[in-house]
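Each value in this text was obtained by applying a stated rule to the coordinates, not by laboratory testing. Since the structure is predicted, the reported quantities are computational estimates derived from the model, not experimental observations. A quick note on method: Cβ atoms are made from the backbone with ideal geometry, for glycine too, and the neighbour counts reach across all protein chains shown.
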Amino acid sequence: MDAPPLAAPPPLRVSPELPLEIVEDIFILVPPEDCAFLLRAALACKTWAHLFASRGFSRRYRQRHRGAAPLLGFLANLADTGGAARFIPATISGGGFRPFRADSHGYRAHDARYGRVLLSRVSVTSTTDTTSAQSIFLAVWVPITGEVWRLPPLLRHRPVRSWNAAVICDPFRVVVVGMDTRELFVYTYVPEAHAWFVFAAGKPVSDQLDGDVAGVLVSDALHFVLLKGTRILKYHLLTREVSTIRLPNRRRAYGPRITLMAMEDGRRLGFAEVCTVTNILRFMALNIGRHGETSWEMIRFIDLHDKLPAEAISPLGFLPRVVAVAEGVDVVFLKTADGLTLDLKSGKVTKIPMTNGFFDIIPYVSFYVPVLKAALVVPSGVGTSGGASTSGNNVQHVDHLG
């Protein structure tokens, strides 16, 4: 008797593909310290790799894990390049990140925020024997992707006494605050229009902006140090009001140099400085009263004699001063005979790995997954958070700035 024919196997049931919106909602929950999980997921699926590389995912990830991004490195404006910036990778926390190009080729690092670096180069062109026009050339660089936005030249027909600038928002904006002999002005660059919008904020203050100290964003307002070191200039982004905040214990101008910092997740203004007499590193925070009155309080101090090597604070050597504070990671950059970093959590002091002298430093804090460096071209429609398109004449994928 013949055996009964074998029954046909049931048809394979293919699991329905999850919409990218749900995939993004799942992976957005992965904590930054477990970036290896994102790496494995990106290697398993090219579509996921493109999703993770999209600016929309990056923006949502930063918003979800605000303040948790690692220090990937810093940009040092070097003495032997005339102030042009070079990217120096962080030794451990950066996870081995290195940008496509380390040198900025004639551009100075001015600010960094949300994974973007603001670069500047100033050119003065004489127009007559008595007047001159000044053009400020700015660019926004994303070290992780290599993208560069070349901004239109910002032309002033009167000599600019001083200025400072910051890159803000996500999608980004660039704000330039400056003064000439007649007015204090504010320019805002809007990438959607590829244009500057100007706002005359009033008469200039009796001081100049310190362009060597990066500004800080606190509670919808930009804050910049004034050159004499006795006041801070505040520009409110929503109301466009300009005011000044007096610094504590400043009986004379040009005292110890301070570095501004955002405290309490960007809700409170603070600064760090080193006392030149005691070598005490102190952190000050601003209090604002019910009626707008201001006062400062010291919230922490560190005796650098207990932290730094003896030669770093020798009376015959270079007295230490704060040149930068990496927001969200509690790392202070100090300029001594050599450059040093001080981790406020562990107390560890590390020598900055470079042999050339530097003028100032801009920390670079951002999320980074190594495999995403190879997935920079994002297909249209991938990424549900509405990242702005990179097409257009003002966006260039280049290896250098010339």
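Results, tabulated for the structure shown:
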quantity: Note, ³J(HN,Hα) from phi for region 69-79, Karplus 6.51, -1.76, 1.60, rounded to Hz, x at Gly and Pro; calculated: 5, x, 7, 7, x, 7, 9, 9, 7, 8, 6
quantity: Proximal lysines to Lys46, defined as alpha-carbon separation beneath 16 angstrom and excluding residues fewer than eight positions away on the same chain; calculated: Lys373
quantity: In sequence order, calculated HN-Hα J values of region 148-164 (Karplus, 6.51, -1.76, 1.60; Hz; x Gly/Pro); calculated: 9, 9, 8, 7, x, x, 9, 9, 10, 8, 10, x, 8, 5, 6, 7, 8
quantity: Residue exposure sequence - Thr145, Thr276 - by fewest surrounding Cβ within 10 Å; calculated: Thr276, Thr145
quantity: Spherically averaged projected area in nm², based on the convex hull that wraps the Cα atoms of region 163-258; calculated: 6.4 nm²
quantity: Residue order, fewest to most beta carbons within 10 Å, for Val277, Val325; calculated: Val277, Val325
quantity: Most to least packed among 156-164, 292-300 [average Cβ atoms within 10 Å]; calculated: 156-164, 292-300
quantity: Formal net charge of residues neighbouring Asn164 (Cβ-Cβ distance under 13 Å; K, R +1; D, E -1); calculated: -2
quantity: HN-Hα J in Hz across region 212-228 - Karplus 6.51, -1.76, 1.60, θ = phi - 60°, x for Gly and Pro; calculated: 8, 10, 5, x, 9, 9, 9, 6, 6, 9, 8, 10, 10, 7, 8, 4, 5
quantity: Proximal aspartates and glutamates to Lys348, defined as alpha-carbon separation beneath 13 angstrom and excluding residues fewer than eight positions away on the same chain; calculated: Asp306, Asp330
quantity: Kirkwood estimate for region 66-366, i.e. one over the average of 1/r between Cα atoms, Å; calculated: 20.0 Å
quantity: Region 146-184-region 267-314 distance, computed between alpha-carbon centres (Å); calculated: 30 Å
